[in-house]
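Accompanying notes for the structure given below.
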Amino acid sequence: MIIGKVIGTVVASQKERELIGLKFLAVAPIDLLTGEVQGGGVIAADAVGAGVGEVVLYATGSSARQTQITQNRPVDATIMAIVDTFEVGGEVLYLKD
Amino acid sequence: MIIGKVIGTVVASQKERELIGLKFLAVAPIDLLTGEVQGGGVIAADAVGAGVGEVVLYATGSSARQTQITQNRPVDATIMAIVDTFEVGGEVLYLKD
Amino acid sequence: MIIGKVIGTVVASQKERELIGLKFLAVAPIDLLTGEVQGGGVIAADAVGAGVGEVVLYATGSSARQTQITQNRPVDATIMAIVDTFEVGGEVLYLKD
Amino acid sequence: MIIGKVIGTVVASQKERELIGLKFLAVAPIDLLTGEVQGGGVIAADAVGAGVGEVVLYATGSSARQTQITQNRPVDATIMAIVDTFEVGGEVLYLKD
Amino acid sequence: MIIGKVIGTVVASQKERELIGLKFLAVAPIDLLTGEVQGGGVIAADAVGAGVGEVVLYATGSSARQTQITQNRPVDATIMAIVDTFEVGGEVLYLKD
């Protein structure tokens with residue numbers, strides 16, 4: 001999975017029927033070495049009730065469809081967890097409030 | 001999924017039989033932090049009636065085949081939604097006319 | 001899918017049995033904004049009788065196995081169509097002879 | 001698979017139910033030519049009891065779900081092996097203590 | 001598939017059970033335009049008896065599991081062929097001894 005920060009929201013009324021009811025969030029990846037937000041993120045379906053500003057884990061590809069909320073839906077990126085702590089090299093790069 | 005802008009069209013008369021009837025559009029990804037069009041896009045099948053100039057969400061990989069129009073077809077990128085609004089950090093980066 | 005130009009050929013006599021009979025072509029991706037050939041291409045199986053110099057669409061991943069010629073074969077990139085025209089922003093970037 | 005170094009840990013209490021019980025580690029890829037740690041890693045589930053500081057192999061995509069511990073779980077990156085030796089060009093780039 | 005050069009070996013005694021018996025080789029991709037070895041390679045399972053120094057084709061993703069030796073195993077990159085000749089633009093970039 002990729003660790004990233006939820007930075008925004010997407011609303012789309014005209015869409016593939018199987019996407020109806022899903023919440024889509026813009027997630028920017030976090031650099032593992034520095035903890036800083038990077039470019040190159042995704043628009044992910046939310047399986048855990050995440051909100052803007054939170055640090056999350058998201059899965060991509062067919063794994064993104066292995067949740068109750070996304071199974072058999074045309075989703076290729078899903079937020080799977082809300083991160084409490086992220087440590088690298090003994091240093092805490094992120095700690096949830 | 002990736003948020004992108006439909007920037008062009010592709011016509012191909014000689015093709016794998018299972019692709020017949022699909023519309024293919026060139027989609028360039030949009031940078032999540034700036035809202036600007038970037039390089040590195042795809043040629044996506046259209047599942048929602050999108051047109052050139054619109055901002056869309058597209059899925060890649062096996063998820064691109066999870067729609068009624070693309071199932072069991074050799075498609076690895078499909079436009080799934082037409083975006084109404086895209087907000088990052090409380091700022092509206094895109095608003096459909 | 002990715003739009004690219006067929007730039008070369010690969011011959012391999014010692015190979016996984018399920019690859020026997022497939023033609024493999026080197027395909028370089030084409031930049032969607034400029035129409036120029038880029039680095040970072042693939043060696044794709046040919047499902048449509050493409051030749052060197054032609055502009056094609058190729059699919060990657062599991063979608064590459066969704067054709068009659070490639071099903072159940074260990075192929076992760078397949079040429080699916082020969083492009084006639086490719087237009088971006090109202091400008092014709094490629095027109096087949 | 002990708003060879004990488006385990007550089008950190010992630011803890012997430014609020015998560016998709018099928019992730020409960022898995023250990024997640026931050027893994028940074030190792031450059032094949034130099035043996036140095038690079039940017040662009042992943043958060044991988046651990047299938048082999050790896051620890052911070054070890055050099056490992058991890059698989060991504062649907063292959064990440066082909067282990068006893070990860071099958072049918074929404075995981076897209078799994079540590080599959082702990083590396084003993086890594087040699088390039090006759091030179092030992094890594095040797096486990 | 002990707003064309004690459006086998007540049008090294010990996011040994012791992014502690015690993016997911018389904019990987020036992022597979023040989024793992026480090027493969028660096030070859031630039032299609034120049035024929036030169038690049039960064040960014042993978043550790044691939046060997047399905048064809050390849051050795052260090054040889055130029056090969058490898059498949060990634062679920063296609064890597066579509067061989068007799070790798071089926072149902074957690075492998076995401078497999079060497080599928082040993083290249084005899086690689087030609088680009090009428091020029092031979094590689095010819096096996």
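Here are some notes:
- Ascending distances from the A:Val92 label point to its copies in the other chains, with the point 7 Å along the Cα-to-beta-carbon line: 3.9, 3.9, 6.4, 6.4 nm.
- A simple packing score, the average count of other Cβ atoms within 10 Å per residue, orders the peptides B:56-64, C:33-41 as B:56-64, C:33-41, with the highest score first.
- For the protein assembly as shown, the C-alpha radius of gyration sits at 0.94 times the compact-globule guess of 2.2 N^0.38 Å, with N the residue count.
- Note: chain E, Cα convex hull, 98 Å³ per residue.
- Cα centroid separation - segment B:73-87 against segment C:44-97, whole Å: 20
- Pairs spanning more than 22 Å between alpha-carbon atoms, out of B:Lys23/C:Lys5; D:Lys23/E:Lys23; D:Lys15/E:Lys15: D:Lys23/E:Lys23; D:Lys15/E:Lys15.
- Listed values for segment D:46-54 are Karplus-derived 3J(HN,Hα) couplings in whole Hz (6.51 cos²θ - 1.76 cosθ + 1.60, θ = phi - 60°), namely 9, 9, 10, x, 6, x, 4, x, 7, and x replaces Gly and Pro.
- Label zone at D:Gln14, where the point sits 7 Å out along the Cα-to-Cβ direction: segment A:21-62 residues whose backbone N lies under 13 Å: A:47-57
- Position E:Gln14, label points 7 Å along Cα→Cβ, spacing to each other copy in nm (shortest first, one decimal): 3.5, 3.5, 5.6, 5.6
- Couplings 3J(HN,Hα) of segment C:55-68, computed from phi: 9, 9, 10, 10, 10, 10, x, 5, 4, 5, 9, 8, 10, 4 Hz, in residue order, whole Hz [Karplus 6.51 cos²θ - 1.76 cosθ + 1.60, θ = phi - 60°; x for Gly and Pro].
- Computed from phi, the 3J(HN,Hα) profile of segment E:71-82 under the Karplus parametrisation 6.51, -1.76, 1.60 (θ = phi - 60°) reads 4, 6, 10, x, 10, 10, 7, 9, 6, 10, 7, 9 Hz, with x in place of Gly and Pro.
- Label-point spacing at B:Thr34 relative to the other copies reads 1.6, 1.6, 2.6, 2.6 nm, in ascending order, each point sitting 7 Å out from Cα along Cα→Cβ.
- DSSP beta bridges confined to the protein assembly as shown are antiparallel in about 95 percent of cases.
- Furthest towards positive pole of dipole, A:Met80, C:Thr67, D:Val75, structure part the protein assembly as shown, Cβ charges: C:Thr67
- Partner chain coverage, peptide E:70-80 - average Cβ within 10 angstrom: 6
The numbers here are math on the coordinates, done by the rules we state, and not lab data. Small disclaimer: the values here were computed from a predicted structure and weren't measured. Note that each Cβ is placed from the backbone with ideal geometry, even for glycine, and that neighbours are counted across all protein chains shown.
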